[in-house]
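Report on the structure given below.
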Amino acid sequence: AQTVTQSQPEMSVQEAETVTLSCTYDTSENNYYLFWYKQPPSRQMILVIRQEAYKQQNATENRFSVNFQKAAKSFSLKISDSQLGDTAMYFCAFISGTYKYIFGTGTRLKVLA
Amino acid sequence: NAGVTQTPKFRILKIGQSMTLQCTQDMNHNYMYWYRQDPGMGLKLIYYSVGAGITDKGEVPNGYNVSRSTTEDFPLRLELAAPSQTSVYFCASRSGGYDEQYFGPGTRLTVT
């Protein structure tokens with residue numbers, strides 16, 4: 001069975017500092033995509049970043065980057081220069097050849113002023 | 001673009017009542033999904049659809065029904081509401097392949 005594990009239920013970081021959120025997954029598939037979604041207090045789910053499994057290069061979107069280790073099945077999210085607006089729940093998600101996304105249980109991030 | 005819209009935003013039901021949560025997307029996406037999110041938890045898939053007329057169960061389908069008569073609409077029906085169905089319900093859609101999902105704003109449902 002495919003699973004996604006986020007082992008950090010809660011984290012906090014000082015404004016302007018860097019924080020890394022962990023995600024591991026389990027699959028026997030070779031082709032798949034990984035995503036990080038952000039859910040702020042408004043509840044709206046927002047895509048932060050995506051990574052194609054066939055690409056070795058780590059994805060980057062402005063202050064957000066990932067460390068994708070395919071052999072270790074690890075997909076961590078690094079947030080640089082943290083801002084108060086980054087306070088949210090972050091979900092790691094996986095999709096392969098099925099129609100269904102598999103979501104982790106989430107990490108609640110609080111950015112402290 | 002409206003994207004994915006859901007109605008209502010909030011609803012309180014009494015035990016045993018029924019209701020339909022509406023979901024509409026205007027992006028001509030084939031795939032649509034219903035999730036529930038319990039407090040402090042992740043998303044659990046209730047039902048999904050890969051196109052008009054085709055639906056299938058997710059992880060937690062009991063107590064729910066869906067239909068997909070058009071590409072745009074994917075309503076979720078709750079029959080005989082129970083307190084265990086108190087949750088936030090999200091509808092999502094995507095075009096296909098490995099595309100991202102686009103989420104609606106959610107419906108907060110309380111069953112008392």
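Coordinate-derived values only; no laboratory data. Treat the numbers as computed from the prediction; the structure is a model and nothing was measured. Note: ideal-geometry Cβ built from the backbone for every residue, glycine included; neighbour counts use all protein chains shown.
Distance between the modelled labels on A:GLU17 and A:THR98, one decimal in nanometres: 3.8 nm (7 Å Cα→Cβ projection). Using a Debye calculation, one point per C-alpha and no hydration shell, please list log10 I(q)/I(0) for the protein assembly as shown at q = 0.14, 0.15, 0.18 Å⁻¹ in order. Log10 of I(q)/I(0), two decimals: -0.89, -1.01, -1.33. Taking amide H as placed 1.01 Å from N in the peptide plane, A:TYR32 has its amide H under 5 Å from the amide H of A:ALA53, A:TYR54, each at least 5 places away in sequence or on another chain.
A straight line joining the Cα centroids of the range B:6-50 and the range A:75-108 runs 21 Å. Magnitude of the charge dipole for the protein assembly as shown, about its Cα centre and with charges confined to Cβ atoms of Lys, Arg (+1) and Asp, Glu (-1), is about 400 debye. With R₀ fixed at 25 Å, the C-beta to C-beta distance from B:SER67 to B:ARG108 puts the FRET efficiency at about 0.65.
Of B:GLU72, A:GLU15, the sequence from fewest to most neighbouring Cβ atoms within 10 angstrom is A:GLU15, B:GLU72. Neighbour counting of Cβ atoms within 10 Å sorts the residues B:GLU100, A:GLU29, fewest neighbours leading, into A:GLU29, B:GLU100. Across the range B:3-70, the convex hull enclosing all Cα atoms gives 113 Å³ per residue.
Annotation: the residues B:VAL111, B:VAL4, sorted from fewest to most other C-beta atoms within 10 Å of their own C-beta, follow the order B:VAL111, B:VAL4.
Which residues does the label zone of B:LEU80 cover in the range B:1-41, counting backbone N under 17 Å from a point 7 Å along Cα→Cβ? Only B:14-20 fall inside the zone, counting backbone N under 17 Å.
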